[in-house]
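Below: the structure, in C-alpha cells.
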Amino acid sequence: MFPSGSIIPYITAGDPDMGSTLKFLQVIDDYAGAIELGIPFSDPMADGATIQLSHHRALKAGFKLERVFQVAREFRKDSETPLVLMSYYNPIYRFGPEKFMEKVHESGVDALLVVDLPITHAQEFLEKAREFSLKTVFLASPNTPDERLAAIDKASTGFVYLISTYGTTGARDKISSHAFDLLRRARKICRRKIAVGFGVSRREHVENLIKEGADGVVVGSALVALIENLGKSAEDALRKKMMELSVL
Amino acid sequence: MWYGEFGGQFVPETLMEPLRELEKAYDRLKKDKRFLRELHWYLRTWAGRPTPLYYAERLSRKVGGAKIYLKREDLLHGGAHKTNNALGQALLAKFMGKKRLIAETGAGQHGVATAMVGALLGMKVTVYMGAEDMKRQSMNVFRMRLLGAEVIPVKQGSRTLKDAINEALRDWVASFQDSHYLIGSVVGPHPYPAMVRDFQSVIGTEVKEQIQKMEGKLPDIIVACVGGGSNAMGIFYPFIGERTKLIGVEAAGKGLKMGMHAATLNAGEKGVFHGMLSYFLQNEDGQIRETHSISAGLDYPGVGPEHAYLKSIGRAEYVAIEDSEALNAFRELSRVEGIIPALESSHALAYAMKLAAEMDRDEIIVVNLSGRGDKDLDIVGGAL
C-alpha cells in the first residue's frame, strides 16, 4: 500500500476548516507514503489532548461528514497517494456502514481505520469493505496476544497499525521499548505491511522504527500541533516538519 | 456480551486484553464462595445492608391511590446505591492484584463510593469529574478528597459525566497493568453492564423478600430513575421473570421538545459509544450531543445496553420527567415523609406519584429511592 520507509502523516478533516484541509493534504502529500485523514468526533477517547482539540476545532467550525467525501474527491484529482480514512465507529454506524462505504469508495478513498471497532465485531464491516474494494487497517497493541495479532493481520488488507505504547495518541520524547518488542513479534507473525504510530514526533524516532523493521511510521500529533498553533497558515511549517521526518 | 443486538465490546485494541482478564476474573469470582462471603460481610457490617423497604403511608394517602413503598438506598453508607457496585468491583480488583482504582463520576456519588472503598481496602483512587459537575456538586468533591481520593477536573466537551468517562478510559489505556477502571453504571463494554447489574441486584433481591413479608405478594409496579441505569437495573433484574411492571424514568430536563434533556431511550437513536451498542443522544452525523438535567447523575447521553434491550422486547417501559416535576417531588417527600431524596430519585418519585393517583388502593408501587438529597441542597436552593 506504500513503499517501505514511508511516513504516514495524520491530520484531522476540517481543522481549522475544509479549505485548509485540502491545502494541507496537498503539502504533506509530497513526503507521504500514505495519508491518514481523521473524521472528527465529539468524544475521541483514544486520542490525547492535541488530537482531541483538533476534533473539537473542526466540529466547532461546522464540520459535516459529507465534506470529507468532497475533500477526498478533490485531493484524488491530482494525487495517487493512498488515503486512509480514520474514524470512530459511531459516525459510520449512524450514517449506515454500507452507504458510508459506497460514498467513501466513490470519493477515491483507499482504506478505512475504525479506532473502536475491534476485529471481533468487524465481520460484517469486513464483508462490506470487500464489496466496495476498500482496504481495511486494524490496530494492534503491545498487549495483543500472538494469535489475535495473526487475526488482525488477516483482517488488515491495507496494513497493520502497531500502537507503540500504552496510552492515547500524542507526541512523546522517546519511543517505548514496547514498540520494538511488538515490532519484532509482528515481523514474525504478520504478512501485511506494518506501520507504527502513537508518540512518534522526531526524525530519530522514524529512523529507529524503520531500522527495526517498520514499513511505515504514522505521525499525527506533531503535525496537528502545528495546525493548532498556526491555523490556516500552517502549510510551510507542515512542509518543514515533513521534510525533517522523511527518510526516503 | 449481547442483550439482543445491544452491548458488545467496542473499544480501542489496547483495552481488549484488560477486558478479557476482567471477564475471566469476574466469571471465576462470582461463583467463589469466599469472595461472595467477603462481599456480603462488608455490605452488611460496613455498608448497612439490608436497606429498609418503607411504606410511605402519608405520601400514599396524600396522593390518594396505590400504596407507595420506598426502597431506602438513600440509607446505604455513602448515601446512594453506588456503594453496592463500588464495593463489589473494588474487591474484585483486589483479588486481581490491582493497586489503584480509576472512576468517573457525575453527581459525585459514585466517586464518593469509590473513594470510600479505596480507603477501606487500602487502594489508591483517582476520580475524573466534569468541571461543571464539580461546581454543582462541590460537597461531594470535598468528601472524595477527605476520603483520600485524587479528584481530577475534566475540562473537555460538555464537562459532565460523558467527558469524565472519556478521560477515565484514557487513563485506563495507559494504566491497566496496575489499575482497575471501576465504572459506576451498567454501561461500557462487556463485562461491565453485566457485572454492575449483578452487584446492584441485591436491591431487587431484598425488595422481593421484603414485600413478600409485608404484603404477601409482589408489587404491581416498580419505578426507578435511569441515567446510565444502574439502580434501575439493580431493582428490575430479579423481577424480570415476574409479572411486575417495570418503569424507568429518564430526565426530560427542560422538556423533550426543547432539546435540553437527557432522555436517551425516549429521544435517542441507536449508536456505538463508550464501548457499547445502545441508544445515544446524537446528531444526524453521529456526534454525541450535550445533555441537560438538573440532576448531574442523570446527565448522560447514553444508557445501559440491557435497558435498550428490555425496551426493545417491551419488558420495561421508559418515560421521562422534567426538572420542575422532579423538584416538586423532592419538596413533597421532604415535607410529607421527612425524607430528602436525591434529585435523581426524585424523577422516579414524581412519576410514581402520577401513576399511584390512577391506581387502586390495594395496588402496590415500589420506588427505588436510590440516594439521599443532601448533595443537592445548593441546586435546589436556587431552583425552589
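Values quoted throughout were computed directly from the atomic coordinates according to the rules given, and no laboratory measurement underlies them. These figures come from a predicted structure and were not determined experimentally. Reconstructed Cβ throughout: ideal geometry from the backbone, glycine too, with neighbour counts over all protein chains shown.
For the segment B:166-173, counting C-beta atoms of other chains within 10 Å of every residue's C-beta and taking the mean gives 5.
The separation of segment A:77-98 from segment B:185-257, counted between C-alpha centres, amounts to 40 Å.
Pairs over the 30 Å Cα-Cα cut-off, from the set B:Lys213/B:Lys354; A:Lys211/A:Lys240; B:Lys208/B:Lys270; B:Lys354/B:Lys375; B:Lys155/B:Lys375: B:Lys208/B:Lys270. When the listed pairs A:Lys103/A:Lys188; B:Lys71/B:Lys162; B:Lys94/B:Lys311 are checked against a 31 Å cut-off, the alpha-carbon distance exceeds it for A:Lys103/A:Lys188; B:Lys94/B:Lys311. At most 13 other Cβ atoms within 10 Å plus a DSSP loop assignment makes a site exposed; report the longest stretch of chain B without any exposed GluC sites (Glu not before Pro). Segment B:6-241 is the longest. Along the axis of the charge dipole computed for segment B:1-111 (Cβ charges of +1 for Lys and Arg, -1 for Asp and Glu, origin at the Cα centre), the listed residues B:Pro12, B:Tyr54, B:Leu92 are led at the positive end by B:Tyr54. Rounded is the label for chain B. Its Cα gyration tensor axes, ordered a ≥ b ≥ c, give a/c under 1.5.
Show me the trypsin sites (Lys or Arg not before Pro) within segment B:300-334 that DSSP assigns to loop and that have at most 16 other Cβ atoms within 10 Å of their Cβ. Counting only loop positions with at most 16 other Cβ atoms within 10 Å, the trypsin sites (Lys or Arg not before Pro) in segment B:300-334 are B:Arg315. Structure remark: mean-square fluctuation, Gaussian network model of chain A, C-alpha springs under 10 Å; the largest value among A:Leu126, A:Leu209, A:Leu149 belongs to A:Leu126. Highest mobility in the GNM of chain B, judged by mean-square fluctuation with C-alpha springs under 10 Å and restricted to B:Ala251, B:Ala119, B:Ala350, is found for B:Ala119. If you take the Cα centroid of segment A:233-247 and the Cα centroid of segment B:310-377, the two points sit 60 Å apart.
Taking every DSSP beta bridge that has both ends in the protein assembly as shown, the antiparallel portion is near 20%. Look at B:Met214, B:Met233, B:Met195, B:Met359 and count the other Cβ atoms within 10 Å of each Cβ; fewest to most, that gives B:Met214, B:Met359, B:Met195, B:Met233. Taking segment A:22-65 and a reference point 7 angstrom along Cα→Cβ of A:Ser79, the backbone N atoms nearer than 13 Å belong to A:22-38.
Taking each residue as 0.36 nm, the span from B:Arg20 to B:Trp46 lengthens on full extension beyond its C-alpha to C-alpha distance by 6.3 nm. Taking chain B as a Gaussian network, Cα atoms linked when under 10 Å apart, which of B:Ala107, B:Ala342, B:Ala316 shows the biggest mean-square fluctuation? Judging by the Gaussian network model, the answer is B:Ala316.
Think of segment B:237-298 as having a plus end and a minus end, set by charges on the Cβ of Lys, Arg, Asp and Glu; of B:Gly286, B:Ala267, B:Gly248, B:Gly248 sits farthest toward the positive end of this dipole. Maximal additional length on extending the B:Glu363-B:Thr205 stretch stands at 54.9 nm, based on 0.36 nm per residue less the C-alpha distance. Label-to-label distance, A:Arg184 versus B:Ala131, with points set 7 angstrom from Cα along the beta-carbon direction: 4.4 nm.
A Förster radius of 35 Å, combined with the Cβ-Cβ distance separating B:Glu269 from A:Ser4, puts the computed FRET efficiency at roughly 0.20. Once you keep just the Cα pairs under 8 angstrom separated by 6 or more residues, what percentage relative contact order results for segment A:49-161? Rounded, it is 22 percent for segment A:49-161. At a Förster radius of 51 Å, what calculated FRET efficiency corresponds to the Cβ-Cβ distance of B:Leu121 and A:Ala61, to the nearest 0.05? That pair, B:Leu121 with A:Ala61, gives E of 0.60. Extending 7 Å from Cα along the Cβ direction at B:Met214 and again at B:Val336 yields two label points whose distance is 1.5 nm. Taking a ≥ b ≥ c as the square roots of the eigenvalues of the Cα gyration tensor of the protein assembly as shown, is the shape rounded (a/c under 1.5), prolate (a/b larger than b/c) or oblate? Prolate, since a/c reaches 1.5 and a/b exceeds b/c.
For a straight C-alpha distance cut-off of 19 angstrom, the aspartates and glutamates reachable from B:Lys135 (same-chain residues fewer than eight places away being disregarded) are B:Glu104, B:Glu150, B:Asp163, B:Glu167, B:Glu290, B:Asp299, B:Asp323, B:Glu344, B:Asp374, B:Asp376, B:Asp378.
Modelled spin labels at A:Arg203 and B:Glu317, positioned 7 Å past Cα toward Cβ, are 7.1 nm from each other. Taking the helices alone, the protein assembly as shown has a mean residue ellipticity at 222 nm of -13500 deg cm²/dmol, built from -39,500 (n - 2.57) per DSSP H run of at least 4 residues and averaged over all its residues. If a/c stays under 1.5 just call it rounded; otherwise compare a/b with b/c (prolate if a/b is bigger, oblate if not). Do that for segment B:111-201, with a ≥ b ≥ c from the square roots of the Cα gyration tensor eigenvalues. The shape class here is rounded.
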